[in-house]
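Enquirer: Would you mind keeping the following structure in view while I ask a few things?
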Amino acid sequence: MTGKHVALVTGASRGIGRGVSHALEQAGNVVFATGRTIDLAATPTYVPRRCDHRDDDQTFTVFEEIAAIHGRLDILVNTAWGGYERMSDAGVWTWNDPFWRQPMHRWASMVDGGLRPAFVCSALAARLMIPKRKGLIVNIGYWAAQKHLGNAIYGAVKAATDKLTADMAVELAPHGIAAVSLYPGLVRTQAVLQAAKAGVLDLANSETPEFIGRVIAALAACDNLPARSGQRLVAAELAREFGVRDVDGRTSQPLSLETA
């Protein structure tokens with residue numbers, strides 16, 4: 001894929017989504033960015049839209065606008081994710097509780113607010129990509145798909161994200177469209193920075209949210225993109241391969257199943 005792309009980044013109000021959307025714009029792409037509370041300040045190449053992706057009608061409206069204006073979509077990055085909301089309940093930290101003590105809202109926030117929007121947006125994106133026979137769909141995965149991290153619901157949803165991506169890749173292969181599950185490292189989101197200030201996290205091997213966007217921009221432009229479709233890719237490993245550096249000029253050490 002060459003030239004300027006039309007991209008959509010979901011869940012771009014903050015965190016990884018916001019970083020990815022700005023990095024893709026800085027790479028010369030036209031970027032639609034969605035979020036429930038997203039700042040609506042726009043530029044000619046950055047188009048923010050308020051959207052709650054738990055509501056299909058709101059999602060459809062965004063895709064209709066992209067189709068009406070550009071007639072195509074080249075990159076979709078699914079970062080919409082409600083799974084980190086209400087990690088504490090009534091002042092009690094419940095994120096790491098065993099499954100029989102998990103609050104029921106956590107299932108809804110991860111499945112309805114994360115996995116389902118990735119499926120719906122990918123389906124709508126495919127309808128725009130297939131006629132052009134090109135495109136890239138990126139789902140944000142993590143090592144919780146392969147080992148216990150945090151809680152059982154989190155692991156189930158991340159495993160489902162990887163499987164959804166792999167099966168989408170099989171069905172998209174005849175149409176020249178790639179789908180990948182991208183694993184970030186420790187990303188310096190606002191929540192992570194707050195945890196670091198409290199002494200909970202060490203940021204020595206971390207990356208900015210923009211770093212993920214830079215990696216995605218390089219991935220979209222690589223010559224062998226179809227061969228990577230269906231894979232679980234580690235952002236920091238791709239950065240080394242493509243020569244991508246973070247905004248501060250650094251590159252983080254790739255995490256592995258053992259070190260995550």
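Matching residues to (1) farther than 18 Å from Ser21 by Cα; (2) in contact with a strand residue (DSSP E or B) (Cβ under 7 Å, 6 or more places away or on another chain); (3) hydroxyl-bearing (Ser, Thr, Tyr); (4) surrounded by fewer than 15 Cβ atoms within 10 Å (Cβ to Cβ):
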site	(1), (2), (3), (4)
Gly199	yes, no, no, yes
Ile216	no, yes, no, no
Ser229	yes, yes, yes, no
Asp246	no, yes, no, no
Arg250	yes, no, no, yes
Leu257	yes, no, no, yes
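Enquirer: So Asp55 clears everything in (1) surrounded by 21 or more Cβ atoms within 10 Å (Cβ to Cβ); (2) over 17 Å from the mean Cα position of the chain (by Cα) except one condition, right? Which one?
Expert: Asp55 satisfies every listed condition except (1).
Enquirer: Given the condition surrounded by 20 or more Cβ atoms within 10 Å (Cβ to Cβ), within 16 Å of the chain's Cα centre (by Cα) and outside any loop (DSSP other than H, G, I, E, B), answer yes or no: does some residue in region 35-43 qualify?
Expert: yes
Enquirer: Restricting attention to region 230-254, which residues are within 17 Å of Asp162 (Cα to Cα) and either free of Cβ contacts under 8 Å to residues at least 40 places away in the same chain or assigned to a loop (DSSP other than H, G, I, E, B) (or both)?
Expert: Passing the criteria: Gly230, Gln231.
Enquirer: For Glu64, work out the one condition from (1) surrounded by fewer than 20 Cβ atoms within 10 Å (Cβ to Cβ); (2) at pLDDT 95 or above; (3) not in a helix (DSSP H, G or I) it doesn't fulfil.
Expert: Exception for Glu64: condition (3).
Enquirer: As an exercise: evaluate Gly176 against (1) crowded, with 23+ Cβ neighbours inside 10 Å; (2) at pLDDT 95 or above; (3) farther than 30 Å from Pro98 by Cβ; (4) not charged (D, E, K, R) and give the number of the one condition it does not meet.
Expert: Of the numbered conditions (1) crowded, with 23+ Cβ neighbours inside 10 Å; (2) at pLDDT 95 or above; (3) farther than 30 Å from Pro98 by Cβ; (4) not charged (D, E, K, R), the odd one out for Gly176 is (1).
Enquirer: Could you check region 163-185 and list, in sequence order, the residues that are of a type in the set (A, V, I, L, M) and either free of Cβ contacts under 8 Å to residues at least 12 places away in the same chain or in a helix (DSSP H, G or I) (or both)?
Expert: Leu164, Ala166, Met168, Ala169, Val170, Leu172, Ala173
Enquirer: Taking region 216-258 as the region of interest, how many residues are touching a helix residue (DSSP H, G or I) at 6+ places or on another chain (Cβ under 7 Å), among the β-branched types (Val, Ile, Thr), farther than 24 Å from Arg133 by Cβ and at pLDDT 95 or above?
Expert: 1
Enquirer: Now a separate question. Which of (1) surrounded by fewer than 24 Cβ atoms within 10 Å (Cβ to Cβ); (2) touching a strand residue (DSSP E or B) at 6+ places or on another chain (Cβ under 6 Å); (3) touching a residue at least 24 places away in the same chain (Cβ under 8 Å) is the odd one out, the single condition Arg188 does not satisfy?
Expert: Status for Arg188: all satisfied but (3).
The values are calculated or read from the model by the stated rules, or taken from the named source; none is laboratory data. As the structure is a computational prediction, the values presented were derived from the model and not from experiment. Every residue, glycine as well, gets a Cβ built from its backbone with ideal geometry; the counts of neighbours run over all protein chains shown.
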